[in-house]
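The values are calculated or read from the model by the stated rules, or taken from the named source; none is laboratory data. Keep in mind it's a predicted model, so treat the numbers as computed, not measured. For neighbour counting, all protein chains shown are included, and Cβ atoms are generated from backbone atoms with ideal geometry for every residue, glycine included.
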Amino acid sequence: MVEADNDQVVVRLQQVRKAFNVGLPSETEVLHGIDLALRSGEFCAVMGPSGSGKSTLLNIVGLLDRPTSGQLSICGQETTSLDDAALTRLRGRSIGFVFQYHHLIGAFTALENVMMPMLGDAGFPSRAMHERAAELLGSVGLSHRRDNLALHLSGGEQQRVAVARALAMRPAVLLADEPTGNLDTKSADVVFELLRHVNREHKTTVLFVTHNPALAQRCDRIIEVVDGAIVAAPA
C-alpha cells in the first residue's frame, strides 16, 4: 500500500479524456476533460444517468483502462507513463474494488476469496495472509462463515466478503461500482455502513457509484456526471 496523509490528494485527474475506436469512423469520446481531486479519507458518491460515463471514470481511476489524454495520479504517482506491469503493481497495492456483482470464486471458501489479492501479490500463501483474511471476515461479521463456499452464501453475505477482499491489501482508495444495486434495502444498508466504517476507521478514500439518492446523501459530497463531464463536485 502507498501511504497517504489525511490532507493529501490521493487521486488527481487533470483534463482526462477517454475515447473508444480512436482513429476509426466510429470514434466516440465518452469522457471530456475531467478534472477531479479526491483527498485521503473522503467518501464521495458518483451519480448520473446510465451511459453518462460513471463506470468509465471508475475504470480510469482504478487503472483498469488508460485515458486517451490527460494526467492521472494515484497516491502521488503519475500513472500515464507507467507500463502495464507497473500499473498492475500500483493497482494491486493501492486500490480496492467492490462491484455490483461480487465476482467471488464460488468453489472457494469465504476465507480463500479474501486471501486472493494477497496471494496474487506475494505469489504464495502464508500464515499472515490467513490471519489477515480471518480478521477481515470478522470485521464484516462473517467469522462464522469463513469456511463456507462462496456459492453457499446469501447475496448480502457474498457482497460483505467482496468488501473484505477489497480491503486485503489495505488500499488507500476503494472504488465501489453500484455495490448495493443487487441487494435488498436491509442488505444494501449493511454494505453501505461497512464501507462508511472502513472510510472513517482507516481514512480510506471511497468513490461510490450509485443511483440511490438516499445513499448518496449520506456521503461527504456528490460528484455528478452527465454526458461524460462533471457538472457538479462541490468541495
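Being in a strand (DSSP E or B) and modelled with pLDDT of 90 or more is the filter here, so list the residues in segment 221-235 that pass it.
Applying the first criterion (in a strand (DSSP E or B)) to segment 221-235 yields 221-226, 229-232.
Selection gives Arg221, Ile222, Ile223, Glu224, Val225, Val226, Ala229, Ile230.
Quick test for you: out of Ala107, Ala133, Ala45, pick the one residue that is touching a helix residue (DSSP H, G or I) at 6+ places or on another chain (Cβ under 9 Å), small (Gly, Ala, Ser) and either within 30 Å of Glu27 (Cβ to Cβ) or surrounded by fewer than 19 Cβ atoms within 10 Å (Cβ to Cβ) (or both).
On the way: Ala133 fails: either within 30 Å of Glu27 (Cβ to Cβ) or surrounded by fewer than 19 Cβ atoms within 10 Å (Cβ to Cβ) (or both); Ala45 fails: either within 30 Å of Glu27 (Cβ to Cβ) or surrounded by fewer than 19 Cβ atoms within 10 Å (Cβ to Cβ) (or both).
The conditions single out Ala107.
Out of everything in segment 141-177 that is part of a helix (DSSP H, G or I) and in contact with a Phe, Trp or Tyr (Cβ under 8 Å, 6 or more places away or on another chain), what residue ends up being farthest from Leu57 (Cα to Cα)?
Taking segment 141-177 and keeping what is part of a helix (DSSP H, G or I), we get 143-145, 150-152, 155-166.
Now restrict to residues that are in contact with a Phe, Trp or Tyr (Cβ under 8 Å, 6 or more places away or on another chain): 150, 162, 166.
Values: Ala150: 29, Ala162: 21, Ala166: 19 Å.
The residue in question is Ala150.
May I ask you to list the residues in segment 201-235 that are basic (Lys, Arg) and either crowded, with 20+ Cβ neighbours inside 10 Å or in contact with a Cys (Cβ under 9 Å, 6 or more places away or on another chain) (or both)?
Pass one, segment 201-235, residues basic (Lys, Arg): 203, 218, 221.
Selection gives Arg221 alone.
Let's see how each residue does on (1) at pLDDT below 90; (2) among the small types (Gly, Ala, Ser):
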{"residue": "Val2", "(1), (2)": "yes, no"}
{"residue": "Ala45", "(1), (2)": "no, yes"}
{"residue": "Ser50", "(1), (2)": "yes, yes"}
{"residue": "Leu64", "(1), (2)": "no, no"}
{"residue": "Pro67", "(1), (2)": "no, no"}
{"residue": "Gln71", "(1), (2)": "no, no"}
{"residue": "Asp83", "(1), (2)": "no, no"}
{"residue": "Phe99", "(1), (2)": "yes, no"}
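Residues being surrounded by 14 or more Cβ atoms within 10 Å (Cβ to Cβ) and either assigned to a strand (DSSP E or B) or of a type in the set (Lys, Arg) (or both): count how many of those fall in segment 183-200.
Selection size over segment 183-200: 1.
I'd like the full set of residues that are more than 15 Å from the chain's Cα centre (by Cα), touching a residue at least 40 places away in the same chain (Cβ under 8 Å) and not in a loop (DSSP other than H, G, I, E, B), limited to segment 201-220.
Pro213, Leu215, Ala216
Say we look at segment 4-37 and pick out the residues that are more than 16 Å from Thr79 (Cα to Cα) and surrounded by 20 or more Cβ atoms within 10 Å (Cβ to Cβ); which of these is modelled with the highest pLDDT?
Taking segment 4-37 as the starting set, the residues that turn out to be more than 16 Å from Thr79 (Cα to Cα) are 4-8, 19-33.
Filter once more, so that each one left must be surrounded by 20 or more Cβ atoms within 10 Å (Cβ to Cβ): 4, 31.
Values: Ala4: 45, Leu31: 95.
Selected residue: Leu31.
When you scan segment 107-120, how many residues do you find that are at pLDDT below 90 and of a type in the set (Gly, Ala, Ser)?
1
Answer yes if at least one residue in segment 62-78 is more than 30 Å from Pro213 (Cα to Cα), surrounded by 14 or more Cβ atoms within 10 Å (Cβ to Cβ) and among the β-branched types (Val, Ile, Thr), and no otherwise.
Yes, there is a match, as at least one residue in segment 62-78 is more than 30 Å from Pro213 (Cα to Cα), surrounded by 14 or more Cβ atoms within 10 Å (Cβ to Cβ) and among the β-branched types (Val, Ile, Thr).
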